[in-house]
Amino acid sequence: MLSPIILSLKISAIATVISFFWGVFFAYIINKRDIPCKNLLESILILPIVLPPSVVGYILLVVLGKRGIIGSFLLERFGIQLVFTWVGAVIAAVIVSLPLMYQNSKAALVSIDPIYEKAARTLGSSEWRIFRTILFPLSWPGIISGTALSFARAMGEFGATLMVAGNIPQRTQTIPTAIYFAVESGDNRLANSLVFIMTAFSFVMIYTLNQWLKKKNYVGGKG
Amino acid sequence: MKNKLYFRIMKKLDSFTLNIEYGFEKGVLVIQGESGAGKTTILNCISGLTTPDEGRIEYDSTVVFDSCRSINLPAKNRSIGYLFQSYALFPNMTVMDNICYGLRNKPEYKDKKKREALISYAEYVMNTFGIYHLKRKYPNSISGGEKQRTAFARAIAAKPKLLLLDEPFSALDEDTKEIIYKEFKHIKDFFQTPAILITHSLAEGEMFANQRIVLKHGRISKEAKAAV
């Protein structure tokens, strides 16, 4: 029973770290910098939220599979196979959790009064320093919310993970896939235990996050 | 000429075109006019926060914007001290960090000896503004008058070549205003930085102006030199 829990935590943690950096990065460049094709980029980023997980999984399978554009390249050049490995599960988790990270980071960043950026510019600050010293600290509560939700989404990812990584015990079997196959094979004891662990873990995380957010007394709005 | 400010700004706005040309050598230029007359747009154009459609802006012998020569220095390189109407103090930083923010952007801040001199100067500015005792406080825990002084000190501490003050007294109650007026008069004489002050109040205009212009629909409707 431990193996899917450890694997789920490992996959979710790695996926969350990747989503964190990319989510904040895209939220910043799309909403605070002048770049071309903003709408197109944003639509592509958010697309996995509206697509069924099986569709996301199928697309990933086509792209990352042995005959896919990226999959065949990696296999031929470096001997790396992504499908039916835990790395494939990480990629699936990143794709489905990145929109949540992006949306939360975006909401936090756009809620910051632009007057602070203007003030910082007149004080001689570079855009990078404005991000580091003002935008990031002021949007921190929103970014933390996004990180927690992304982690929860990555932990709960089922459809895309099953299609890309399969359900190989000890190697790619995560909590959601383990629950599904436990129910299918009639192992209710295992299913109940995993469901309890997953629910308790998610509850504690959301509860702790809410408590922490209540304690933050400044927000990125008008200060 | 040093300290001389000249600006010619043409900027299309929603309901009219801002078209203004003015120059002054030192002291305080007060700009008055109805809401939406283009006063803040002038300050934003001079500071580099907004780009004029056409024109030329020059101060302290430096051309910061010239549409004919495609010169447009970014706001961070214009050495402007901008006091915003809402003060724009960074809520995640203490009063001390707010005041040192501009100093930390200076190249000399990387040099340890020069850094100490800059911090001493920031402390000196804080003492001059009577806010040294607030240095560890956050903006949300100080009064309106203290916020105003902090924002003013922050603008001055970065040693700007030009000060832009956008209705700095409008959010203060009458009693605090009287105190701040006296301090502002003293500080403006003390630091000698040329300034542009936007205000709705005629009394403030008369109190601080070396020169005064009144703006209407993006053009100068009245101009006066005052003896201060």
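The values are calculated or read from the model by the stated rules, or taken from the named source; none is laboratory data. Keep in mind the model is a prediction, meaning the values are calculated, not measured. Here the Cβ positions follow ideal geometry from the backbone for every residue, glycine too, while neighbour counts run over all protein chains shown. The protein model used for the area step is the full one, side chains on, heavy atoms only, and it has no ligands, DNA or RNA in it. Shrake-Rupley method; radii C 1.70, N 1.55, O 1.52, S 1.80 Å.
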Average Cα contact separation per residue, chain B, under 8 Å, 6 or more apart, as relative contact order %: 29
Residue among A:Leu60, A:Leu209, A:Leu109 with the largest mean-square fluctuation in a Gaussian network model of chain A, springs linking Cα atoms under 10 Å: A:Leu209
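So how strong a dipole does segment A:2-215 carry about its Cα centre when Lys and Arg Cβ are +1 and Asp and Glu Cβ are -1, to the nearest 20 debye? Write down the numbers at each step before the final one.
On the way: 17 positive and 9 negative charges, 87 e Å.
The dipole magnitude comes to about 420 debye.
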Protein-only accessible surface order, largest first, of A:Leu98, A:Leu9 at 1.4 Å: A:Leu9, A:Leu98
Between segment A:2-31 and segment A:74-126, the Cα center-to-center distance that results, in Å: 9
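What accessible area per residue comes out for segment B:95-159, rounded to a whole number of Å², with a 1.4 Å probe? Can you show the working numbers first?
Working: 3110 Å² over 65 residues.
Solvent-accessible surface per residue comes out at 48 Å².
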Those aspartates and glutamates that a straight Cα-Cα span of less than 13 Å connects to B:Lys216, excepting residues fewer than 8 apart in one chain: B:Glu34
Acute angle (nearest 10 degrees) that the helix A:2-32 long axis makes with the longest principal axis of chain A, alpha-carbon atoms: 30
Set of aspartates and glutamates near B:Lys137 by C-alpha distance (under 20 Å), chain-local residues within fewer than 8 positions excluded: B:Asp97, B:Glu123, B:Glu146
A/B buried area, accessible surface, summed, 1.4 Å probe, Å²: 1900
Shielding of B:64-70 by partner chains, average beta-carbon count, 10 Å: 0
Two-site FRET efficiency, A:Thr199 against A:Ser126, from Cβ-Cβ distance with R₀ of 60 Å, rounded to 0.05: 0.85
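Check segment A:2-215 and count each lysine pair with an alpha-carbon distance under 20 angstrom, considering only pairs eight or more places apart or from different chains. The partial results should precede the final answer.
Details: A:Lys32/A:Lys106; A:Lys32/A:Lys118; A:Lys38/A:Lys106; A:Lys106/A:Lys118.
Close lysine pairs found across segment A:2-215: 4.
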Inter-chain Cβ neighbour average for residues B:88-95, partner chain, 10 Å: 6
Set of lysines near B:Lys222 by C-alpha distance (under 18 Å), chain-local residues within fewer than 8 positions excluded: B:Lys39
Whole-number percent relative contact order across segment A:2-215, with pairs defined as alpha carbons under 8 Å at least 6 apart: 31
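Over all directions, the average projected area of the alpha-carbon convex hull for chain B comes to how many nm²? Write out the running numbers ahead of the final one.
Details: hull surface 51.0 nm².
Its Cα hull, projected and averaged over all orientations, spans 12.8 nm².
When the solvent-accessible surface of protein heavy atoms is calculated with a 1.4 angstrom probe, in what order do A:Arg129, B:Arg56 fall, highest first?
On the way: A:Arg129 30, B:Arg56 60 Å².
Greatest to least solvent exposure: B:Arg56, A:Arg129.
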On Cα atoms only, tilt of A:69-78 relative to the major axis of chain A in degrees: 80
Cut-off under 5 Å, modelled amide H: who pairs with B:Gly81 long-range: B:Lys161, B:Leu162, B:Leu163, B:Leu164
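Roughly how many percent of the accessible protein surface of chain A is carbon and sulfur, given a 1.4 Å probe and a whole-percent answer? Spell out each step's value before the answer.
Numbers: 7760 of 11460 Å².
Reported share for carbon and sulfur atoms: 68 percent.
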Cα centroid separation, segment B:1-36 to segment B:129-165 (Å): 26
Normalised contact order of segment B:95-159, rounded percent, pairs of Cα under 8 Å and 6 or more residues apart: 53
Chain A: angle of helix A:86-110 to the longest principal axis, Cα-based, in degrees nearest 10: 20
